[in-house]
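Where a number appears in this text, it was derived from the coordinates with a stated rule and is not lab data. What you are looking at is a predicted structure, and each value in this text was computed from that prediction instead of being measured. Note: ideal-geometry Cβ built from the backbone for every residue, glycine included; neighbour counts use all protein chains shown.
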Amino acid sequence: MKRLIEVKTYVIKRDMNIKEDQLVGVSYRETPNKGGIIQPIYIIMHYDGASNGSSAIHWMLDPKSKVSAHVHIGRDGLVTQLAAFNIKCWHAGQSSWAGLKDLNRYSIGIELQNKGSELYSEIQINKAIEVCQAIIAHYPIREILGHNDIAPARKEDPGIQFPWMKFKPLIKKE
Ligand SMILES: [Zn+2]
């Protein structure tokens, strides 16, 4: 008797979506550290400087810290959103770029779990790319920048290990 072995290869391409300024299907924990409405035109990449994924999230959920970002991505690829993308988060601090000051007013902040000089994990970078792509599809983002670009005297993040080559091309220049 002939035995048929059917091998199916499923390629699951699950693009991230944004509905009402939130990523669909990711964990959402609202930070109290936020301001009013913004219209984001930049994405700012950070590292959290933390040794584990949850401590940075706890810090950003604590009203005493007065810091926050819109999204945190762990080394395991876990994505957590902490505020809607049209709400001002407190990630950039004193900053300037292209004639603008206080970049929190113009940007979405993404924190990546990294102590500073560690290699970023592949799944973490892939998730960050997916998040950036979803944001770029929904908002008129002009550039993806590092915290070090907008506050060079104070900040080094996202650091020398951050693969800018994978992120800069996500913005299609006309
Ligand atoms: Zn930063």
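Brief remarks on what is shown
- Positions within the stretch 20-43 being touching a Phe, Trp or Tyr at 6+ places or on another chain (Cβ under 9 Å) and either surrounded by 16 or more Cβ atoms within 10 Å (Cβ to Cβ) or part of a strand (DSSP E or B) (or both), in sequence order: D21, Q22, L23, T31, N33, K34, G35, I38, P40, I41, Y42, I43
- Within the stretch 58-84, being within 15 Å of the ligand (Cβ to nearest atom) and more than 20 Å from N126 (Cβ to Cβ) holds for W59, M60, S65, K66, V67, S68, L82.
- Matching residues, the stretch 127-158, being touching a residue at least 24 places away in the same chain (Cβ under 8 Å) and either on the phi > 0 side of the Ramachandran plot or polar (S, T, N, Q) (or both): Q133
- Across the stretch 142-174, the qualifying residues are those that are touching a helix residue (DSSP H, G or I) at 6+ places or on another chain (Cβ under 6 Å) and among the aliphatic types (A, V, I, L, M), and the one among them that is nearest to the ligand (Cβ to nearest atom) is I150.
- Leading residue by the ranking (surrounded by the most Cβ atoms within 10 Å (Cβ to Cβ)) among those in the stretch 85-102 that are touching a residue at least 60 places away in the same chain (Cβ under 8 Å) and away from the ligand (no atom under 16 Å from the Cβ): F85
- Filtered residues of the stretch 134-174 (kept if more than 25 Å from A84 (Cα to Cα), touching a His at 6+ places or on another chain (Cβ under 9 Å) and among the acidic types (D, E)): E156
- Yes/no for S121 being small (G, A, S) and within 16 Å of the ligand (Cβ to nearest atom): no
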